[in-house]
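Structure record follows, encoded as C-alpha cells.
The values are calculated or read from the model by the stated rules, or taken from the named source; none is laboratory data. If you're wondering where the values come from, they're calculated on a predicted model, not measured in any experiment. Here Cβ is always computed from backbone atoms with ideal geometry, including for glycine, and neighbour counts include all displayed protein chains. Each accessible area value is taken on the protein alone, full model and side chains, heavy atoms only, with ligands, DNA and RNA left out. Shrake-Rupley method; radii C 1.70, N 1.55, O 1.52, S 1.80 Å.
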Amino acid sequence: MACTSCSTSDGGAPKGCKNNGTCGTDSCNKLTVFDWLSNMSLPNGEAPFDCVEVRFKNGRKEFYRNTEKLTLSMGDIVATVASPGHDIGIVTLTGELVRIQMKKKGVNPNSNEVPKIYRKASQKDIDIWSTARDKEEPMKVRARELAIAQKLEMKISDIEFQGDGSKATFYYTANDRIDFRALIKDFAKEFSTRIEMKQVGFRQEAARLGGIGSCGRELCCSTWLTDFRSVNTSAARYQQLSLNPQKLAGQCGKLKCCLNYELDTYMDALKGFPDFETKLVTEKGDAICQKQDIFKGLMWFAYTNNFANWHVLKIEQVKEIIAENKLKNKVSSLEDFAIEIVVEPEKNFNNAMGQESLTRFDQPKAKKKHPKKRKPAGENLIVANNNNNKPANSNRQNPADKNTADKKPVIARKPIIITKNEPKK
C-alpha cells in the first residue's frame with residue numbers, strides 16, 4: 001500500500017516521496033507489511049509489545065526484543081546483536097502486529113533466544129554501514145573471478161556486509177555439494193575480513209535479486225511471498241496447461257509459484273467430473289475422453305476406431321452412460337447424447353470514442369497516387385518544326401554535333417503550329 005506522497009503529478013508520472021525506501025509508512029520496500037493498527041491507542045494499563053521487526057538487505061527480516069524500552073517507529077535505524085559485533089537494520093514493524101508475524105513464522109515471543117536491540121544507530125554507525133555497503137558490488141565481481149579460477153561449479157549471487165563491517169556473508173547457489181575450503185582462504189586473503197558462506201536455493205536467489213515476471217509485475221518472491229511451497233507438473237496438468245518448460249518456468253529456472261494460486265479452485269471443480277480415463281461402452285464401439293472443459297462442464301469423447309471425430313457431452317450425460325455401463329448395458333451411440341456447440345459470432349467493437357485502432361501499424365501504408373495534370377481545351381497540342389519534328393524551344397544539344405556547330409551555322413526556321421481545330425496541312 002503506497003503512501004500519499006506516491007500519487008501522480010500533473011503529467012501522469014509518479015511523484016515519489018524521494019525518501020529512497022526509508023519513509024515512515026515503510027511502503028516502498030520488499031516484503032512490506034502495512035501497520036493498520038498504527039493509529040489506534042492501547043487500552044489503559046496495557047504495555048506495548050516489546051518486540052520489533054527489523055529489515056536488512058534484500059528483504060531479510062529478523063525479530064528483536066526492545067529491552068531498553070526505546071521509542072521506536074517504522075523507518076528508524078537501529079543497532080542489533082550480531083555474532084560477532086553488531087549489525088545495522090531498519091525497523092519495519094512495531095506493536096501488536098509483530099506478535100502476529102512471530103506466530104506466523106513460528107517464533108515464540110516469550111523465548112529467551114530472541115536477540116535484543118542495542119541502541120538507535122548513531123551517525124558514526126551509519127557511516128561505517130554505508131561504507132561497507134559500497135564495497136559489496138566490486139567485491140562480488142572479484143569473488144566470482146576467484147571462484148572461476150578454482151573451477152568450482154557454484155554461482156555467487158550476492159554479498160551482504162554486517163553493519164560494523166567485520167563480517168561478509170557470501171550467498172551462493174550450486175547443484176551439488178561444494179568443497180570451498182580453499183576458496184575461503186583466498187577470500188580471507190583478498191578481502192581481509194571474516195568470511196561466511198551461505199547456500200541458498202534458486203527461488204531464494206531470485207527473491208534476493210528481484211526482477212520482472214512474464215506477467216509484467218515484480219516477482220512475487222521479492223515483494224510479498226515468504227514461504228516457497230513445492231510446485232510440480234501435476235499442478236499444470238490439473239489446470240490443462242501445456243507442459244512447455246519455457247512458459248511454466250520462472251526466472252529461477254523452477255516452475256512458477258503462481259501455478260499453485262488457482263490450483264485449489266480447479267481441484268474443487270474437478271470433484272464433480274468423472275475420471276479422465278473413463279471408457280464409455282456403446283454399440284458402435286468404445287469411446288475415450290480426449291478433452292474436458294472444467295468450468296463449462298463439458299467432455300469430448302471419440303471412438304477408438306475413429307479418433308478424428310469428437311463428440312461433446314455434458315457431465316450429467318457422461319454419468320448417465322457410466323451408470324448404464326455398470327449395469328452391463330450398452331447405449332446405442334454417442335450421437336444420441338452429443339450436443340452441438342454454437343459458435344458465438346465475433347464481436348466487432350465500434351470506435352465510439354474516435355480513438356484510433358491499435359492495429360493501425362500492422363499493415364503497410366498505401367502509396368499515394370498523384371493525379372495527372374490535364375491540359376485545358378484549346379491549348380496547343382503539338383509544336384513541331386521541319387527539322388525532324390523536334391520542338392522549337394528545345395535547348396538540348398547532341399554531344400556529337402558539338403564540333404560541327406562551329407563550321408555550319410544553324411538556320412532557324414519558322415515552326416509549324418498544329419492546333420486542335422485546324423486540319424493538318
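List of remarks:
- Qualifying residues in the range 266-304 (those that are in a strand (DSSP E or B) and more than 15 Å from Ser333 (Cα to Cα)) - the one nearest to the chain's Cα centre (by Cα): Asp293
- Test for Met139: is it open to solvent by less than 70 Å² (accessible area, probe 1.4 Å), at pLDDT 90 or above and touching a Cys at 6+ places or on another chain (Cβ under 7 Å): no
- Some residue of the range 332-350 being part of a helix (DSSP H, G or I), of a type in the set (A, V, I, L, M, F, W, C) and in contact with a Pro (Cβ under 6 Å, 6 or more places away or on another chain): no
- Residue count, the range 34-81 (criterion: open to solvent by less than 40 Å² (accessible area, probe 1.4 Å), of a type in the set (A, V, I, L, M, F, W, C), modelled with pLDDT of 90 or more and within 29 Å of Ala206 (Cβ to Cβ)): 5
- From Gly16, Gly11, Gly21, residue being at pLDDT below 75 and exposed (fewer than 12 other Cβ atoms within 10 Å of the Cβ): Gly11
- Flag if Ala323 is outside any strand (DSSP E or B) and either among the small types (Gly, Ala, Ser) or within 20 Å of Thr233 (Cβ to Cβ) (or both): yes
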